[in-house]
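Down below is the structure, laid out as structure tokens.
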Amino acid sequence: MADLLAALAGRLEAASGDPELTRLSPGLAVALAIRAGEARAVLRIAAGRVEPAGADASAEIEMTLGEGVLEKMLQVPPPPRHQGFTALQIANPDVTVEGEDLVIARARAALERLFELALAAPELAALRRTRRTEGIAGRRITLDCAEGPLEIHTDIAGRKGAVPLVFLHTAGADARQFEAQMADSALGETHELHAPDMPFHGRSMPPLGWDGAPYTLTAERYLDWVRAYLAQVVGRPAILAGCSMGAAVTLVCAARAPELLRGVLAIEPPYRAKGRIHRGQNDVGVHAGLHNGAFVRGLMAPTSPEGRRRRAAWIYSQGAPGVYQADLGFYSLEFDGGETAPMVDATRLPVVLLSGAYDYSATPEDGARLCALMPGARQIVMPDLGHFPMTEHPDLFAGYLDQALALLAAGPGDQPSNASN
């Protein structure tokens, strides 16, 4: 065990001076202790540098690895829940991390990058799709919503008048997550593509009459926004393809406004995603841009292209204060798949779920539970993708998306099914 821990510590030390680590750790000075069995290693991290300390040195953050965890971390690639610091901290039951909440939150960006480098795996190759970003048209539109008019930004691409396919982004993010799909030439030949930034997100500005009070999100408010977009902008039944928080509201829409839909594509749908709210997401003692980008970074597959994963995290680093955490009020606290899924009639409205194996927020097991409550729904498990498949590895995701759209085009399924690839 001591040799394995020394190997891990050596990989972490080798990251010292990494340019991104330096960018992610301004003003940071913290010590991390890792214990596996009787062995203990301590590393000091400051200003992008990583230096070993004595095994008996004190540390502000103590990580204890249970039996078998260290061996799995050192596999290439590491299996789900072993691929990064945050995955180990909040999703691995065989790992404990002790330390003050704000200390861990301030160090998260550096620790996530360190573990990303130490547990790196070769990129998984996939057939490259033809994309034309110049075919995406950005527009400012006004939605007439229950709370009044809301001006939002939306991207529209593809063949006008074709089958509408509307992408809904994740909590705390925006529609840039779907740029690769919006630019996909083959997808645009068969679909009219839409990707709106929901109000308060991305390029959608808050209303001029907003009093600056904390932003909040509820199922009722979110559904009102989505219904307004489908009715007022798309104007005909559409395939609604939401990811994560977007997947949750997609299921809510399928349950409560199925007349607006011709198909449901829930990407990384949660069952009950409890525990996603953390203090560091919106606290004056933490740099939220650094923290929130890191908080989602470990949700992705280690075999997805590093540049793509970095872009997925970058979107989160740009969110307005409090928006990500407030979105999680809907996603992590209010939404309950056990209540919503039975209200969806998947024998009349085709439903397909896409679940990435590296996603510990909305797991393949979550998707299977949802499917069981929606007779006729079908699930596709993506073993080499995580919580942001459309962003982290769009070329690999494209095949799964094609398969899902083909199932939707074929109509409702006869019974629940699970297709793993």
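Computed from the coordinates by the stated procedures, all read-outs in this text should not be read as laboratory data. Just so we're clear, the structure is a prediction, and the values are computed from it rather than from any experiment. Heads up, the Cβs are rebuilt from the backbone with ideal geometry, glycines too, and the neighbour counts pull from every protein chain shown.
Compared with the direct C-alpha span, the chain from Asp94 to Asp283 gains 65.2 nm at full extension, assuming 0.36 nm per residue.
Under a Gaussian network description of the chain, with springs only between Cα atoms under 10 Å, the residue in Pro199, Pro52, Pro19 that fluctuates furthest is Pro19. Taking amide H as placed 1.01 Å from N in the peptide plane, Glu60 has its amide H under 5 Å from the amide H of Ala31, each at least 5 places away in sequence or on another chain.
Here, the chain is characterised by an Rg to Rh ratio of 0.98, where Rg is the alpha-carbon radius of gyration and Rh the Kirkwood radius.
What GluC sites (Glu not before Pro) does region 81-190 have in DSSP loop regions with at most 13 other beta carbons within 10 Å?
Those satisfying the criteria are Glu100, Glu147.
Extension gain, Asp101 to Asp3: 0.36 nm times the residue separation minus the Cα-Cα distance gives 32.2 nm. Once the trypsin sites (Lys or Arg not before Pro) in DSSP loops with at most 15 neighbouring Cβ atoms within 10 Å are cut out of the chain, the longest remaining piece is 1-127. The magnitude of the dipole of the chain, with charges of +1 and -1 set on the Cβ of Lys/Arg and Asp/Glu and taken from the Cα centre, is near 880 debye. Please work out the C-alpha center-to-center distance from region 125-179 to region 208-233 and express it in whole Å. When both Cα centres are located, 17 Å separates them. In whole angstrom, region 168-278 maps to an equivalent ellipsoid with semi-axes of 22, 17, 16, each derived as √(5λ) from the alpha carbon gyration tensor and ordered largest first. Adding -39500 (n - 2.57) for every DSSP H run of four residues or longer, then dividing by how many residues the chain holds, sets the calculated 222 nm ellipticity at -9500 deg cm²/dmol.
Sites listed here are GluC sites (Glu not before Pro) in region 1-97 whose DSSP assignment is loop and whose Cβ has at most 13 other Cβ atoms within 10 Å: Glu38, Glu67. For region 322-330, the Karplus equation 6.51 cos²θ - 1.76 cosθ + 1.60, evaluated at θ = phi - 60°, returns couplings of x, 5, 4, 5, 5, 4, 5, x, 6 Hz by residue, with Gly and Pro reported as x.
Using the Cβ-Cβ distance between Ala14 and Glu339 with R0 set to 41 Å, the FRET efficiency works out to roughly 0.25. Calculated on the alpha-carbon coordinates, the convex hull of region 129-215 measures out at 97 cubic angstrom per residue.
Taking amide H positions as modeled 1.01 Å from N, with prolines and chain starts lacking one, the residues under 5 Å from Cys145 and 5 or more places away or on another chain are Leu150. The distance between label points at Arg348 and Ala213 comes to 3.7 nm (points 7 Å beyond Cα on the Cα→Cβ vector).
Taking label positions 7 Å along the Cα-Cβ direction at both Ala125 and Ala55, the computed distance is 4.3 nm, reported to one decimal.
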